[in-house]
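Below is one structure, written out as structure tokens; comments come after it.
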Amino acid sequence: MCEGERRPKRLARIGLLCTAIYIVLLFGGLPLLASLGIVELLPGSPLKLNEVGDFLAGAFGPLALFWVVLGFFQQGEELQNSVDALNLQAKEMRASVEQQKAMLEVTRSGIEHEKLKLEEERVRIEEAAKPIFSISFRMPEQPDPKGTFRSPAFRLKAFVTLHQFHLHNAGGAASSLSVVLRTETQEVAQFEIGAIATGATSIEDFRGDTYEGRNLFATITYTFGNGIRERQEFHASSGFGNNIVFKMSKIGETQRIPHRP
């Protein structure tokens, strides 16, 4: 039982004790007052009704006023207890709300952590599944008799010959693979390779000049993993010239191709 609940009961006990003392003093003190001549008692003479009423009103009026005042204080104590109880409930409610907020924040942090882990795992799997391409060209040492001829511009080292395009994949498997080979001004060749496995090399033949002194570009488009579509760009700056073999270097970042609806 808390202090606030004990106060009204303590006031009630004080009221009863004071009432008992008052009654004892009232009825026990009348003979004493009469013997001292302060109160005149007339034995044998009955009191009239109005005199009885006046006597009771005078005797118990202070007691009634005392209980009114005591009840006022007791009611104030009860009201204060109610206010304290409401404040306690409000405090507990605020504490509960703060606890729920803290739990929600912990849950949210856990979810964000799991999302981050899943995203890291997805990126890791995706990176592991990505194909890694390298491109090289080879010009056969013995020209193809049917496919090779010298043009009137031979003095400019412009002649048509057979070339081999080598695409090697050192990464994950890819499908729907296509290659477009071009110079700065025109398309040189286009290959629809389709699928290429890990560690495989695709070789495609095409005819053209030496492309000496010109930029060559290769655009590779492919699908890998869970239907992810990407594009890579490669570049070589000098063409074959007198080289039997030359390689192309990747330029820029790999581009993700959005899915079409």
Scanning region 94-138 for residues that are under 30 Å from Ser249 (Cβ atoms) and among the β-branched types (Val, Ile, Thr), the one farthest from the chain's Cα centre (by Cα) turns out to be Ile135
| query | Among the residues of region 79-92, is there at least one that is over 31 Å from the mean Cα position of the chain (by Cα) and either acidic (Asp, Glu) or not in a helix (DSSP H, G or I) (or both)? | reply | yes
Among Phe217, Phe206, Phe240, the single one that is surrounded by 12 or more Cβ atoms within 10 Å (Cβ to Cβ), among the aromatic types (Phe, Trp, Tyr), over 37 Å from the mean Cα position of the chain (by Cα) and modelled with pLDDT of 85 or more is Phe217
Subset of region 177-196, residues touching a residue at least 12 places away in the same chain (Cβ under 8 Å), in contact with a strand residue (DSSP E or B) (Cβ under 7 Å, 6 or more places away or on another chain) and either surrounded by fewer than 16 Cβ atoms within 10 Å (Cβ to Cβ) or outside any strand (DSSP E or B) (or both), comes to Ser178, Val180, Arg182, Thr183, Gln190, Glu192, Gly194, Ala195
Scan region 85-95 and tell me whether some residue there is loosely packed, with under 11 Cβ neighbours inside 10 Å, polar (S, T, N, Q) and modelled with pLDDT of 75 or more. yes
Open item on the list: Looking at region 119-142, can you tell me whether even one residue there is modelled with pLDDT under 80, loosely packed, with under 12 Cβ neighbours inside 10 Å and out of contact with any strand residue (DSSP E or B) (no Cβ under 9 Å at 6 or more places or on another chain)?
Closed with: yes
Per the list (1) in a strand (DSSP E or B); (2) surrounded by 14 or more Cβ atoms within 10 Å (Cβ to Cβ); (3) modelled with pLDDT of 90 or more, residue check on Gly172 breaks on (1)
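The values are calculated or read from the model by the stated rules, or taken from the named source; none is laboratory data. Remember, it's a predicted structure, so these values are computed and weren't measured experimentally. Glycine gets a Cβ as well: all are built from the backbone with ideal geometry, and neighbour counts include every protein chain shown.
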